[in-house]
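Please treat every number below as a calculation from the coordinates, not as lab data. Model, not experiment: these values are computed from the prediction. For neighbour counting, all protein chains shown are included, and Cβ atoms are generated from backbone atoms with ideal geometry for every residue, glycine included.
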Protein chains: 2
Amino acid sequence: MKNYEKLIVGALICLLFFLWPAAAEEASGNSPASVADSYRDAANRIIEAAMMDRGAWEKLEYLCDRIGHRLSGSPQLERAIEWAASEMRKDGLQNVKTPPVQVERWVRGDESAEILSPIRKKLHMLGLGRSVGTPAEGIRGEVVVVRNFDELAGLGRDGVAGKIVVYNVVYEGYGKTVKYRSSGASKAAKLGASAALLRSVTPVSLQTPHTGATRYSEGVERIPFAAISIEDAKLLQRLTHAGKRVEIQLNMDAHTFPPTTSANVIGEVVGWEKPDEVVVIGGHIDSWDVGQGAHDDGGGVVVAMQAAKLLLDLGLKPRRTVRVVLWTNEENGLAGGRAYREWIGDEIVRHKAAIEMDSGAEKPVGFGLGIRRDDLTQHDADQAFALVSAIGDLLSPVEAAEVVKGGGGADISPLMREGVPGLGLRTVGKHYFDWHHTEADTIDKVNPEDLRTALAAMTVMAYVLADMPGDLLPPATLP
Amino acid sequence: MKNYEKLIVGALICLLFFLWPAAAEEASGNSPASVADSYRDAANRIIEAAMMDRGAWEKLEYLCDRIGHRLSGSPQLERAIEWAASEMRKDGLQNVKTPPVQVERWVRGDESAEILSPIRKKLHMLGLGRSVGTPAEGIRGEVVVVRNFDELAGLGRDGVAGKIVVYNVVYEGYGKTVKYRSSGASKAAKLGASAALLRSVTPVSLQTPHTGATRYSEGVERIPFAAISIEDAKLLQRLTHAGKRVEIQLNMDAHTFPPTTSANVIGEVVGWEKPDEVVVIGGHIDSWDVGQGAHDDGGGVVVAMQAAKLLLDLGLKPRRTVRVVLWTNEENGLAGGRAYREWIGDEIVRHKAAIEMDSGAEKPVGFGLGIRRDDLTQHDADQAFALVSAIGDLLSPVEAAEVVKGGGGADISPLMREGVPGLGLRTVGKHYFDWHHTEADTIDKVNPEDLRTALAAMTVMAYVLADMPGDLLPPATLP
């Protein structure tokens, strides 16, 4: 080695020494800056294609208009599942499968509620999912209106027994108020109520009842439970407040039948380097038995399907497998989400991330990232968040760049509980709860531009997470 | 007369000469400035009392919750009329009367509309008032969707005959779009349509059909005509646009029965100086047969009733008579408005103004003044407008001071046609057409504060117009 050669080698060693920390991060492929740089071109190609896309809308139109709502156990849900699998095959997805899932089968049947006195008036109602029905002759009873569980407790058994409890609960956000739908029947039944009615959990109403799942506590009598419109709940409150004895007739022919077989729908864009490592992207294919399930969750379903097609069309095959999963039975059981967890078995350790879109198809603003791992260092958690934020930044051109801590989705919660990082698409959330679980959740409420933006966001996030050289998180430390 | 006396007299004459024009106006009592000054205290007393009032709300609650909707010919309307007259008597109004009015009697009956193919789906529908029914077996037919009358004309008889026309008309404001409701049936029938459906005339929908009156042209076959929700109209448009043959089953048991007897309700605060001169204040007591008719026009009814009570309670007896008139049958006939015109006969020349509140009970912003007098000089018209604007100014404390040109109300239009100046209460008009003629026009949509403001505005306007020394307009020049 000549002297000038020694000098060069020495200089290079010095340089390497100083650059080492950055270079090490760079080598894992996961420094936020390098992700932003490496994937900007791909992200822009995806965004450009997504913002011109018509396929997602065409799929949503078919799902909503031609199949319609699709509650677990209904023939429409099974048609939707067959259709989705067939579309995936047509789109060129690989390993398309419909692994069977046993699901609840609750059927609403005929139902009505009417004020008998001091006036006669039909109420705008929808039985709540999983509710028992009434006897054939219905239940007739005096109404007692409460504004919260405390008021109910204050009335005690003397004030409640044999009566129909009406929860006239002011909406304070879905997360906070929905507990009345979940546990209202059993809480009323414990005090001897014969049935219960719930002011719909929503901020806005045009005599619009909202259904949704309820839950019975073990060992408590199961009483019929139905949602009524905000208007009718307030009317009952005014009438009782005016000192009137208000009597109601409730008829519900709801039945829960033995479980039936449904299916999750799965299709893949197989990874070229690590095909057995998986990034899941999806929504739930079932809906309530009203409206079209357009926002809940038709949008999530067609965006996940179309994201895979977009990657194939653009020739963007990622390192890892992007797996589209359309879960069944989210609304009344979550059997699809649980069954998917069972179905993958030990493969869960190779699930690098799971992304769900189930907060409606309004204008996206970004993602929420949820990580439930006790074994992570703060540094690792911060790194993961910074990385997802950097991927989010790639969505600045469509104003969907905001990444916040906390998020996920009901269907991916069984994966998240076992440490898979979960992401949920977030939207402006202006009207979702006006429409959700009602006759008004229809495709006309979806802005095609917003759907395209969601497609751009979901595809970019899935692609980068599946393609980036390193992992989002270090492997779990097994206890 | 001494010299200095002559000087004084001369000076006084000079002064009078210069002050004459202002003094003349002042003497008539009608200079805008003098009205504003003379009535500020009274207006403030009225506003203070109105903004504390509970009576209007209590009346509205009874009308909406205990009587409910009240279509012409229904027992509820007659109960409302009896109740209103009885309330007026209790409140101390004088000359309470219910002069009979012959009204249309249209009864909706059972009704339904369903898509039979390419999917099966019930439509959210409401038959339009005055529509004929279908034969007992209903009408089954292929759908043809048009976006406007031009598209309908473009299809011609070949494209329309035997089919069910669906008007999927984008809402461009009630005044502009409602013509499709008025004349859509006859225009479709002229081309041989078997029935017609109308996208509800509203900007907003949660699967909300809006009823309202339709009109058949003479000599054209009367075909059934119903409103459907915006969502369902768009669905039909999408299905036909996708090239599908869409078939619908329409059943309507609507009937028009022979006219029946209803009544206007009239009560007075008799004027102390000119009892035979009248300022009318009112709204219509009938409503459509859905919801509670809270905004349309329960608010107008109770505000007019309570305005009179407020004057009595405050001891503000005006010079002229303030006459409360609750017209019947505004919605489907306007028989009450016409009957009132007949009922007053020649007394119309002593009707100094008529004020109607029938644009909903949202937050008031002021009044519109409509004058239909060909014989007025521009100066007289300007004077009247300036005067009403000055009265409007008295409502600045409740932000209801804005007076615009043009206004009135359907029920007072027969008076206005014969020269009586008409005023209509104006509101922010944010949501009125979301609710109007639907199940959702209920009292919970009325803000008590807005109702009180309307009470303040209507009472001040009625009081000052009835009490000011001069007339709003010079007497009509008979042709």
statement: Between the alpha carbon centres of the stretch B:388-455 and the stretch A:131-168 the gap in Å comes to 41
query: Per 10 Å bin, what percent of the C-alpha pairs of the stretch B:420-479 does each bin hold, from zero upward?
result: 16, 35, 25, 17, 7, 0
task: Let me know the shape class of the stretch B:111-253, please: from the alpha-carbon gyration tensor, a ≥ b ≥ c as square roots of the eigenvalues, rounded when a/c is under 1.5, otherwise prolate if a/b is greater than b/c, or oblate.
output: rounded
- request: Give the chain B residue with the shortest beta-carbon distance to the rotation axis relating chain B to chain A, plus that distance as a whole number of Å.
  value: B:LEU206, 2
- line: For chain B, the convex hull over Cα atoms projects on average to an area in nm² of 26.5
Mean residue ellipticity (222 nm) of the protein assembly as shown, computed from DSSP H runs ≥ 4 via -39,500 (n - 2.57), nearest 500: -12000 deg cm²/dmol
task: State, to one decimal in nm and shortest first, how far the label point of B:TRP272 sits from each corresponding label point in the other identical copies (label point: 7 angstrom along Cα-to-Cβ).
output: 9.7
- prompt: Along the positive direction of the dipole of chain B (beta-carbon charges: Lys, Arg +1; Asp, Glu -1; about the Cα centre), which of B:HIS436, B:PRO469, B:PRO135 reaches farthest?
  reply: B:PRO135
statement: With the label set 7 Å along Cα→Cβ, A:ALA242 is separated from its counterparts in the other copies, in nm and shortest first, by 4.7
task: Give me a single rounded figure for A:444-451: the average over its residues of other chain Cβ atoms within 10 Å of their Cβ.
output: 2
field: Size descriptor, Kirkwood hydrodynamic radius, that averages inverse alpha-carbon separations across the protein assembly as shown, Å
entry: 31.9
query: Among the aspartates and glutamates, which fall within straight-line cross-link reach of B:LYS274, defined as a Cα-Cα distance under 14 Å, with same-chain neighbours fewer than 8 residues apart omitted?
result: B:GLU347, B:ASP467, B:ASP471
task: Could you pull the copy-to-copy label distances for B:GLY315, with points set 7 Å along Cα to Cβ, in nm to one decimal and sorted shortest first?
output: 9.4
Approximate spin-label separation B:THR377-B:ARG417, in nm, with each point projected 7 Å along Cα-to-Cβ: 3.0
task: Using Cα positions and a limit of under 24 Å, work out the lysines in reach of A:LYS90, with same-chain residues fewer than 8 apart set aside.
output: A:LYS59, A:LYS309, A:LYS317, B:LYS244
message: Show me the ranking of peptides B:225-234, B:210-219 by mean Cβ neighbours inside 10 Å, starting with the highest.
response: B:225-234, B:210-219
